[in-house]
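Participant: Mind looking over this structure? Questions follow.
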Amino acid sequence: MSPFQPLKLPNGAVIPNRIAKAAMEENLAHPDQTPSDELLRLYHAWAEGGAGLLLTGNVMVDARAMTGPGGVVLEEGQKLERFREWARIGRAQGAQFWMQINHPGRQMQANLGQPTVAPSAVALEMGGLSKMFPVPKPLDEAEIAALIQRFARTAVLAEQAGFTGVQVHAAHGYLLSQFLSPLSNRREDRWGGSLENRARFLLEVVKAVRAQVSPGFCVAVKLNSADFQRGGFEPSDARQVVLWLNELDVDLVELSGGSYEAPAMQGDARDGRTLAREAYFLEFAQEIAAIARMPVMVTGGIRRLPVVEQVLASGVAMAGIGTALAVDPALPRRWRNGETRASAELPPIRWKRKALAALAYMALVKFQMRRLAAGSQPDPNASPLKALLNEQWKTLGRTRQYKKQMSKRA
């Protein structure tokens, strides 16, 4: 199957080709938490790059709950003008443009000064970095109900702004993923215990979103294939969750894996010398595609056209590309124009402290995006240490700005 063949979704919408720009956290919001000029320039580059589907980085459903300072928030009361411009830019070349909607749960740093919530009072275990994250407060029934409606309301506002869909983020250790995992969800009520109970929050969010948007608006889910932690969310769990999602009006499921504690989604242990290692969630995605009623997309390490072709030949409907499009946003267009050997990647970081290496890798990806947002070319050979220090410095400034903003709201 050609990567440039259209994909028709269950709700009738069409994605013009099988390559997606996967979500990456940009932290490029304006101080009022709307899309900044820099963010718009970044998405202009990606829209011009030729991917059939663009997924935004985290858009938060609650300004009090951020994966990091500088993030975009879309909640009741937020002005939509900048979001409409964002949607216009993302759709300008014909791509589907979906907003990834999210809540961090316990994966929110303590220095942001906001209460941290989760299914249970279970803190992150990240070695020496654990102190950066507080012990979260367990959500009560009323708070869970309110959060379900927050996800739905953000989806409605995204549709009003001109986006063509949303992706509910239930992977990478964020709140919905925390409910799914028995390591972070130790509740004994209807939201915890059995997998059916642990999946209830995700399923209720999807139902609420689908009920409040139009039939032609796409609703997708991002799901971990596994947590990659002993005793956590496992492939058999993910398979069952997809079977439950089959009964809902879901247009696409994206499979990834890992969390802050086990960042498998970065592939830092893979060297990319074989196709199998490059598309490192593909084997599981094939199994899910065989039982899923909706198209399946796999994301994780893909950066070469032969790997995209292998993904599609396996029965998976779409290939999601993240880091490679931060290094070269025009890869899909180059492939379509005959540059079949074109590729893009960042060098692996082999530091002994894996948690620190993961932070450095994320900082290096953000460094590439900032260069694109400034109208410059990426620099994949930049120093990871310098990128990490620069990102930490910028984060300090954004943190002060965020705390000032939240103080005004209070």
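Participant: Can you list the HN-Hα couplings for the stretch 152-164, worked out from phi with the Karplus curve (6.51, -1.76, 1.60; θ = phi - 60°), rounded to whole Hz and with x for Gly and Pro?
Facilitator: For the stretch 152-164, the Karplus-derived couplings read 5, 5, 4, 4, 4, 5, 4, 5, 4, 6, x, 5, 9 Hz, x marking Gly and Pro.
Participant: Take the residue pairs K21/K354; K131/K354; K207/K366 and return only those whose Cα atoms are more than 28 Å apart. Write out the running numbers ahead of the final one.
Facilitator: Numbers: K21/K354 26 Å; K131/K354 16 Å; K207/K366 33 Å.
Checking Cα-Cα distances, K207/K366 exceed 28 Å.
Participant: Which is farthest toward the positive dipole end of the stretch 302-410 among S383, G397, I349, measuring Cα position about the Cα centre, with Cβ charges +1 (Lys, Arg) and -1 (Asp, Glu)?
Facilitator: Going by the Cα projections, it comes out as G397.
Participant: Here is a further query. Which of M60, M297, M132 moves the most in a Gaussian network model of the chain with Cα springs under 10 Å?
Facilitator: In this elastic network of the chain, the residue with the biggest mean-square fluctuation among M60, M297, M132 is M132.
Participant: Once phi is turned into θ = phi - 60°, what whole-Hz ³J(HN,Hα) does the Karplus curve with 6.51, -1.76 and 1.60 give for every residue of the stretch 197-206, x standing for Gly and Pro?
Facilitator: Karplus values, whole Hz, x for Gly and Pro: 6, 5, 7, 4, 4, 4, 5, 5, 4, 4.
Participant: Still on this structure, I have one more. Picking from Q93, V59, P69, whose Cα lies most toward the positive end of the charge dipole for the stretch 49-93 (charges on Cβ: Lys, Arg +1; Asp, Glu -1)?
Facilitator: Going by the charge dipole, the pick is Q93.
Participant: Just to make sure I understand: if all protein chains stay in place, what is the order of K222, K354 by accessible area at 1.4 Å, largest first? The partial results should precede the final answer.
Facilitator: Values: K222 5, K354 150 Å².
I get K354, K222, largest accessible area first.
Participant: With every protein chain in place, what's the accessible area of S376 (1.4 Å probe, Å², nearest 10)?
Facilitator: Counting only protein heavy atoms, the figure is 50 Å².
Participant: Using a Gaussian network model of the chain with C-alpha springs under 10 Å, which one of L112, L175, L385 is most mobile by mean-square fluctuation?
Facilitator: Comparing L112, L175, L385 in a Gaussian network model of the chain, the most mobile one is L385.
Participant: For labels at E196 and R336 in the simple 7 Å Cα→Cβ model, what's the distance in nm?
Facilitator: Rounded to a tenth, the inter-label distance reads 4.6 nm.
Participant: Moving on to the next point. Could you give the size of the charge dipole of the stretch 77-195 about its Cα centre, using +1 on the Cβ of each K and R and -1 on the Cβ of each D and E, expressed in debye and rounded to the nearest 20? Walk me through the intermediate numbers first.
Facilitator: Working: 13 positive and 9 negative charges, 64 e Å.
My answer is approximately 300 debye.
Participant: Still on this structure, please answer the following. What do you get when you divide the Cα radius of gyration of the chain by 2.2 N^0.38 Å, with N the number of residues? All intermediate terms of the calculation are to be shown ahead of the outcome.
Facilitator: Numbers: Rg = 19.4 Å, N = 410, 2.2 N^0.38 = 21.6 Å.
Relative to the rule-of-thumb radius for its length, the chain sits at 0.89.
Participant: Of the residues A118, A199, A382, which exhibits the maximal mean-square fluctuation in a Gaussian network model of the chain defined by a 10 Å Cα contact cut-off?
Facilitator: Comparing A118, A199, A382 in the GNM, the peak value goes to A382.
Participant: Sort out for me the Cα centre separation of the stretch 360-397 from the stretch 293-322, rounded to whole Å.
Facilitator: Using only Cα atoms to place each centre, the spacing works out to 27 Å.
Participant: Right, here's the next one. Where the accessible area of the chain is counted over protein heavy atoms with a 1.4 Å probe, how much of it, in %, is carbon and sulfur? Display every interim value, and only then the final one.
Facilitator: On the way: 8140 of 16280 Å².
For the chain, the apolar C and S fraction of the accessible surface comes to 50 percent.
Participant: Further question on the same structure: Could you rank I302, I291 by how accessible they are, 1.4 Å probe, largest area first?
Facilitator: The ordering from most to least exposed comes out as I291, I302.
The values are calculated or read from the model by the stated rules, or taken from the named source; none is laboratory data. Here the structure is a predicted model, which is why all the values come from computation and not from measurement. Virtual Cβ from ideal backbone geometry, glycine too; neighbours counted across all protein chains shown. Note: areas computed on protein heavy atoms with side chains; ligands, DNA, RNA excluded. Shrake-Rupley method; radii C 1.70, N 1.55, O 1.52, S 1.80 Å.
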